[in-house]
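Since the structure comes first, as structure tokens, the remarks are kept for the end.
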Amino acid sequence: MIAQNLIFGILSVVMGLAALRVVTTQNVVHAALYLVVVLGGVAGIFILLAAEFAAITQVLVYIGAIVVLFLFGLMLTKAPLGRTANLDNDQKLLAAVVALMLFGVLAWSQIDAFGRLVVEPERVGTTAMVGDSIFLQYLVPFEVISVLLLAALVGAVVIARKD
Amino acid sequence: MILNQFLLLAAVLFCIGVYGVLARRNGVLVLMSVELILNAVNINLIAFGAFHDTVAGQVFALFVIAVAAAEVGVGLAIVLLIYRNRRSVDLTEINMMKG
């Protein structure tokens, strides 16, 4: 249990710093690479919570596909590759205040509501139970998701096509 | 492990994502901040699933990942279209609907 808490501490510090760099760095490619660190940390948190299938999916879909998509987006919009000074707009201070207040409300309500409840992930189900659950209980949402993905694919092609 | 440590980590990621959405002017960077928000939600879903001893949280997190992939695809297509029409992805310049 101590080892788990230690790993959680390291992961959360790394993820917090990397997430801050994603939203503050002045280099667009560095932002995408810091995003990889955050997404990998989230996969580690999933493993700590005994959700190994979600962790693998996170690495495959997010780091494997979505970050590559972001890098292609940066490339196709001819984003400046070096440091640029104007990646933030002029409501930066207001945005920081809003984010801090939101965090205060969230943290207060979560501490107030859940106190020191303990989570014991070693009792949670395995990948087989996840598969059973998807294809029995959640079959209809699963099919809807597949239609949504097809629609998004066709829609993205139609929108981005040169005509 | 305490449930709250996961929830607070997710809250930190969520708020950093909100800051990014509000403060960035490059369209692609705003989409990256949206990904931070969605990941915070996924951590919450899986933590509550582990807390309630059910796999439903994991299933919903997988659905969120699929929806996020679709969202990024369509979002980047829209950003590309804006770039093609305006030669810029600066979101502060896109004010044609402002009265």
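The values are calculated or read from the model by the stated rules, or taken from the named source; none is laboratory data. Since we're looking at a predicted model, the values are computed, not measured. Note: ideal-geometry Cβ built from the backbone for every residue, glycine included; neighbour counts use all protein chains shown.
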**OP:** Residues being within 7 Å of chain B (Cβ to nearest Cβ) and either touching a Pro at 6+ places or on another chain (Cβ under 6 Å) or assigned to a helix (DSSP H, G or I) (or both): count how many of those fall in segment A:106-125.
**Re:** 7
Subject >> Residue list for segment A:16-56, restricted to those being closer than 14 Å to B:ILE43 by Cβ and at the interface with chain B (Cβ under 7 Å from one of its Cβ atoms) >> reply: A:GLY16, A:ALA19, A:VAL38, A:LEU39, A:VAL42, A:ILE45, A:PHE46, A:LEU49, A:ALA50, A:ALA51, A:ALA54
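Which residue out of A:VAL119, A:VAL130, A:VAL61, A:VAL124 is within 28 Å of A:SER12 (Cβ to Cβ), touching an Asp or Glu at 6+ places or on another chain (Cβ under 9 Å) and modelled with pLDDT under 95?
That would be A:VAL124, the only listed residue that is within 28 Å of A:SER12 (Cβ to Cβ), touching an Asp or Glu at 6+ places or on another chain (Cβ under 9 Å) and modelled with pLDDT under 95.
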**OP:** Among residues belonging to segment B:49-66 that are surrounded by fewer than 21 Cβ atoms within 10 Å (Cβ to Cβ) and free of Cβ contacts under 8 Å to residues at least 12 places away in the same chain, point out the one that is farthest from A:GLY115 (Cα to Cα).
**Re:** B:ALA66
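So how many residues does segment B:27-43 have that are more than 8 Å from the chain's Cα centre (by Cα) and either surrounded by fewer than 22 Cβ atoms within 10 Å (Cβ to Cβ) or among the hydrophobic types (A, V, I, L, M, F, W, C) (or both)?
Taking segment B:27-43 as the starting set, the residues that turn out to be more than 8 Å from the chain's Cα centre (by Cα) are B:27-30, B:40-43.
Pick out the ones that are also either surrounded by fewer than 22 Cβ atoms within 10 Å (Cβ to Cβ) or among the hydrophobic types (A, V, I, L, M, F, W, C) (or both) and you get B:28-30, B:40-41, B:43.
Summing the residues that are more than 8 Å from the chain's Cα centre (by Cα) and either surrounded by fewer than 22 Cβ atoms within 10 Å (Cβ to Cβ) or among the hydrophobic types (A, V, I, L, M, F, W, C) (or both) in segment B:27-43 gives 6.
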Original post:
Just one of the numbered conditions (1) touching a residue at least 12 places away in the same chain (Cβ under 8 Å); (2) not in a loop (DSSP other than H, G, I, E, B); (3) not basic (Lys, Arg) is not true of A:ALA128; which one?
Top reply: (1)
**OP:** With the condition kept exactly as written, say whether any residue in segment A:134-152 is out of contact with any Asp or Glu (no Cβ under 8 Å at 6 or more places or on another chain) and at pLDDT below 90.
**Re:** no
**OP:** Could you tell me which of the residues B:ILE78, B:ILE82 is within 7 Å of chain A (Cβ to nearest Cβ) and of a type in the set (Val, Ile, Thr)?
**Re:** B:ILE78
Original post:
Across segment B:1-23, which residue is nearest to the other protein chains (Cβ to nearest Cβ) among those that are in contact (Cβ under 8 Å) with a residue 24 or more places away in the chain and out of contact with any Phe, Trp or Tyr (no Cβ under 9 Å at 6 or more places or on another chain)?
Top reply: B:LEU13
Subject >> Count of residues meeting criterion [in contact with a helix residue (DSSP H, G or I) (Cβ under 7 Å, 6 or more places away or on another chain) and in contact (Cβ under 8 Å) with a residue 60 or more places away in the chain] in segment A:26-53 >> reply: 6
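To keep it simple, each residue is scored yes or no on (1) hydroxyl-bearing (Ser, Thr, Tyr); (2) closer than 22 Å to B:CYS15 by Cα.
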{"site": "A:LEU81", "(1), (2)": "no, no"}
{"site": "A:THR84", "(1), (2)": "yes, no"}
{"site": "A:GLY104", "(1), (2)": "no, yes"}
{"site": "A:TRP108", "(1), (2)": "no, yes"}
{"site": "A:GLY115", "(1), (2)": "no, yes"}
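For A:PRO141, indicate whether it is in contact (Cβ under 8 Å) with a residue 12 or more places away in the chain and either part of a helix (DSSP H, G or I) or not polar (S, T, N, Q) (or both).
Numbers: in contact (Cβ under 8 Å) with a residue 12 or more places away in the chain: no; either part of a helix (DSSP H, G or I) or not polar (S, T, N, Q) (or both): yes.
Criteria not met by A:PRO141.
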